[in-house]
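Here's the structure we're looking at; comments come further down.
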Amino acid sequence: MSSYTSIILFISPGENLSKRMEEVNGYKMEDGRAFSMIDVNGKPYPDVFPRFMLCGAYNHFNLEHFLTYLRSNVFWEEPQNVRLIVQDDLSENVDYYSL
């Protein structure tokens with residue numbers, strides 16, 4: 001049975017979005033699959049949110065592995081202003097993480 005995890009990554013506007021997106025999207029899933037998040041402030045609504053917001057949904061996602069990657073492989077300017085929101089389709093809970 002498939003298990004999908006939806007994630008939203010909020011990044012401070014003080015960050016260099018193109019560099020952070022490149023670093024975040026450099027993550028590799030444990031089984032070698034490519035990883036990609038999209039910027040919801042891109043086209044067609046470039047100024048909808050005051051923060052950068054990246055989103056994605058992934059099958060069989062290892063959250064702890066991803067959190068470790070974000071904390072050690074992304075060179076945040078303002079890590080205290082990074083938030084991750086996670087919702088697994090098999091859970092009624094929404095979880096929030098700070099880096």
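The values are calculated or read from the model by the stated rules, or taken from the named source; none is laboratory data. Note that the structure is predicted; figures quoted are calculated from it, not measured. Please note: Cβ atoms are built from the backbone with ideal geometry, for glycine as well, and neighbour counts cover all protein chains shown.
Remarks
- Extreme residue, nearest to Gly14 (Cα to Cα), among residues of region 78-99 that are part of a loop (DSSP other than H, G, I, E, B) and among the aliphatic types (A, V, I, L, M): Val82
- Of all residues in region 1-29, those satisfying the criterion of being over 17 Å from Arg71 (Cβ atoms) and assigned to a strand (DSSP E or B) are Tyr4, Thr5, Ser6, Ile8.
- Number of positions in region 53-95 that are in contact with a strand residue (DSSP E or B) (Cβ under 8 Å, 6 or more places away or on another chain), loosely packed, with under 11 Cβ neighbours inside 10 Å and within 21 Å of Ser3 (Cα to Cα): 1
- If you filter region 26-38 down to residues that are surrounded by 15 or more Cβ atoms within 10 Å (Cβ to Cβ) and not aromatic (Phe, Trp, Tyr), you find that the one that is nearest to Val86 (Cα to Cα) is Met37.
- Given (1) touching a Phe, Trp or Tyr at 6+ places or on another chain (Cβ under 7 Å); (2) at pLDDT below 90, index of the condition Arg33 fails: (1)
- Whenever a residue of region 1-23 is over 13 Å from Asp39 (Cα atoms), it has no partner that is hydroxyl-bearing (Ser, Thr, Tyr) and modelled with pLDDT under 90 lying with C-beta atoms less than 6 angstrom away and at least six residues away or across chains.
- Of the residues in region 64-84, none is at pLDDT below 90 and at negative phi.
- Filtered by the rule that a residue be free of Cβ contacts under 8 Å to residues at least 40 places away in the same chain and farther than 17 Å from Gly32 by Cα, region 68-90 gives Arg71, Ser72, Pro79, Gln80.
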